[in-house]
1. Would you mind calculating the relative contact order of the chain from Cα pairs under 8 angstrom and at least 6 residues apart, reporting the percent as a whole number?
2. Whose amide H sits under 5 Å from the amide H of Leu82, counting only residues 5 or more places off or on another chain, with H placed in the peptide plane?
3. Assign one of three labels to region 13-81, namely rounded, prolate or oblate, based on the Cα gyration tensor with a ≥ b ≥ c the square roots of its eigenvalues; rounded applies when a/c is under 1.5, prolate when it is not and a/b is larger than b/c, and oblate otherwise.
4. So if I place +1 on the C-beta of Lys and Arg and -1 on the C-beta of Asp and Glu, and nothing else carries charge, what would the dipole magnitude of the chain be about its Cα centre? I want it in debye, nearest 20.
5. Return Val15, Val48, Val27 ranked ascending by Cβ neighbour count within 10 Å, so the fewest neighbours appear first.
6. Could you pull out the longest piece of the chain with no exposed loop trypsin sites (Lys or Arg not before Pro) in it, calling a site exposed if DSSP puts it outside H, G, I, E, B and it has at most 15 other Cβ atoms within 10 Å?
7. With a 10 Å cut-off between alpha carbons and a GNM built on the chain, which of Leu67, Leu17, Leu37 moves the most?
Amino acid sequence: MATLQVGVPPNDPEVMLAEMQRELDDVRWIEDNMAALVEEYGIKFVAVRHRKVIGSSHRLTLLLEDLRERDIAPGSASIEVLYRQE
């Protein structure tokens, strides 16, 4: 089974497809849980990987810096801004 090397674009189509599916799943999870996420984190940027919040900040630059400090490639997470739904 092929694995993704964080920070290295995958050459294997199966790995690319798996990463695209993970991204789609995470974005859908964020959308489906927006109200609960806003309640817990407020209006912030969040980084999500495998349906789990792995970082948050009021400023995108600080979130990216935090991820890098923890050796998490920002491109390996779905980063979205939380907002109140009406």
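Throughout, read-outs are computed from the coordinates displayed, never taken from laboratory work. Here the structure is a predicted model, which means the values were calculated and not measured. Cβ placement follows ideal geometry from the backbone for every residue including glycine, while neighbour counts extend to all protein chains displayed.
1. Once divided by the residue count of the chain, the mean separation gives 32 percent.
2. Correct list: Lys44, Phe45, Val46.
3. Cα axes put region 13-81 in the oblate bin.
4. Its charge dipole is roughly 200 debye.
5. The most exposed by this proxy come first: Val27, Val15, Val48.
6. 1-50
7. Residue with maximal mean-square fluctuation among Leu67, Leu17, Leu37: Leu17.
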